[in-house]
1. Go through (1) on the phi > 0 side of the Ramachandran plot; (2) surrounded by fewer than 19 Cβ atoms within 10 Å (Cβ to Cβ) for residue 388 and report which single condition fails.
2. Go through (1) touching a residue at least 60 places away in the same chain (Cβ under 8 Å); (2) surrounded by fewer than 21 Cβ atoms within 10 Å (Cβ to Cβ); (3) assigned to a helix (DSSP H, G or I) for residue 138 and report which single condition fails.
3. Would region 383-390 turn up any residue that is out of contact with any strand residue (DSSP E or B) (no Cβ under 8 Å at 6 or more places or on another chain), free of Cβ contacts under 8 Å to residues at least 40 places away in the same chain and under 24 Å from residue 312 (Cα atoms)?
4. How do the helices (runs of 4 or more DSSP H) wholly within region 1-94 filter down when requiring 2 or more residues that are touching a strand residue (DSSP E or B) at 6+ places or on another chain (Cβ under 6 Å), modelled with pLDDT under 80 and farther than 25 Å from residue 232 by Cβ: which remain?
5. Which one is surrounded by the fewest Cβ atoms within 10 Å (Cβ to Cβ) among residues in region 213-250 that are out of contact with any helix residue (DSSP H, G or I) (no Cβ under 9 Å at 6 or more places or on another chain) and more than 30 Å from residue 392 (Cβ to Cβ)?
6. Only residues that are farther than 18 Å from residue 324 by Cβ and crowded, with 24+ Cβ neighbours inside 10 Å: list them for region 430-443, please.
7. Condition first: in a helix (DSSP H, G or I) and buried (at least 24 other Cβ atoms within 10 Å of the Cβ). Now tell me which residues in region 155-173 satisfy that.
8. Restrict the check to region 241-253 and report whether at least one residue is at pLDDT 90 or above and more than 18 Å from residue 76 (Cα to Cα).
């Protein structure tokens with residue numbers, strides 16, 4: 001049985017049915033995955049007496065955590081779509097070479113990141129908005145987390161190579177293992193062993209290690225269509241360049257999130273103080289409750305786009321994108337309605353502090369005012385990555401955060417005080433969604449055979 005036959009459903013099954021089958025597990029996986037940080041924040045935020053300060057410390061460490069996880073997307077975000085395109089062309093060997101090169105890169109990245117960030121950790125945390133009060137909590141969490149860097153890289157980066165095969169249930173299970181472990185260990189280590197923030201970090205590292213072990217074991221087994229093979233576990237310069245070129249947009253999407261948090265935290269600390277940094281930590285978590293499922297949906301849909309693009313079934317690519325837009329925009333609009341009418345409910349999930357709850361309830365509807373359109377940009381990003389269009393995918397990745405959001409988050413507080421930081425988010429969301437949406441519609445209309453990016 002050849003590869004096309006094994007994956008025949010990707011090229012022939014009804015789009016809506018295929019999308020549901022592949023996307024639902026990835027949505028569940030992404031929702032579960034966010035529990036690593038959200039559960040940590042929930043438990044840490046409720047530590048007696050120091051909960052608010054400890055929660056702020058986790059907010060300060062968030063940029064570094066995002067940077068570490070973002071590097072996995074160089075390989076996962078770039079290599080997995082290339083592997084799916086290769087499978088669509090019925091070239092298993094090429095897909096395995098891409099996987100082998102990606103695994104090699106992740107090992108190198110893990111070593112470099114662990115050493116580099118440990119060396120510069122203290123000045124980075126202060127750069128990211130740490131105060132004398134919050135630094136100790138941020139430092140404790142970050143230090144322990146960094147020793148699990150290789151687990152993060154494998155669990156996140158290699159898991160997408162399972163997804164690209166259409167085996168989204170397996171990919172979901174790998175995340176589920178880690179999340180359940182984290183949920184069990186958090187209260188035991190934080191409260192039972194009285195380890196506080198350190199306990200939350202240890203629980204996260206151990207959980208990621210289990211996820212990574214599962215992913216590597218599966219990709220090395222006969223159950224995987226493409227396997228990690230020792231003969232391909234080396235640096236293939238051609239595939240490395242193609243992987244990183246395409247993955248840079250996914251990397252940028254995540255790493256610029258870190259840059260945004262840095263700008264936000266420093267602006268909020270300057271114009272408002274620690275309570276505003278804590279409020280931003282909560283609002284980012286509320287936003288994740290929306291963006292994470294949407295990310296899951298796009299991750300589940302992207303293999304459909306990549307496979308059919310590789311198989312030159314362009315009508316199926318267009319049908320997939322049209323349906324994706326309808327679903328994502330509908331979901332983001334409904335979520336914003338809930339946030340607008342019930343902001344206090346969302347705030348109380350993360351903190352019992354009345355002042356913090358009231359502050360979040362006041363600002364949250366404004367902060368998320370453009371999220372109902374944000375799905376348009378995420379869909380555009382998915383399409384350009386899925387079809388190997390590195391240049392356009394990078395532009396879309398840079399547009400919202402680097403070109404629009406960061407400059408406005410720096411400039412607007414000069415006119416509106418601390419609220420200027422919060423105004424920047426909805427303005428950037430609406431403008432970027434409008435531009436990326438136009439680019440997507442134009443690209444779909446002109447969809448054609450692009451130069452073979454694998455050669």
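1. So residue 388 meets the others, but not (2).
2. So residue 138 meets the others, but not (2).
3. No, region 383-390 contains no residue that is out of contact with any strand residue (DSSP E or B) (no Cβ under 8 Å at 6 or more places or on another chain), free of Cβ contacts under 8 Å to residues at least 40 places away in the same chain and under 24 Å from residue 312 (Cα atoms).
4. none
5. 222
6. Within region 430-443, none qualify.
7. Of all residues in region 155-173, those in a helix (DSSP H, G or I) come to 155-163, 168-173.
Listed by number, the residues that qualify are 155, 156, 157, 158, 159, 160, 161, 162, 163, 168, 171, 172.
8. no
The values are calculated or read from the model by the stated rules, or taken from the named source; none is laboratory data. Since we're looking at a predicted model, the values are computed, not measured. Please note: Cβ atoms are built from the backbone with ideal geometry, for glycine as well, and neighbour counts cover all protein chains shown.
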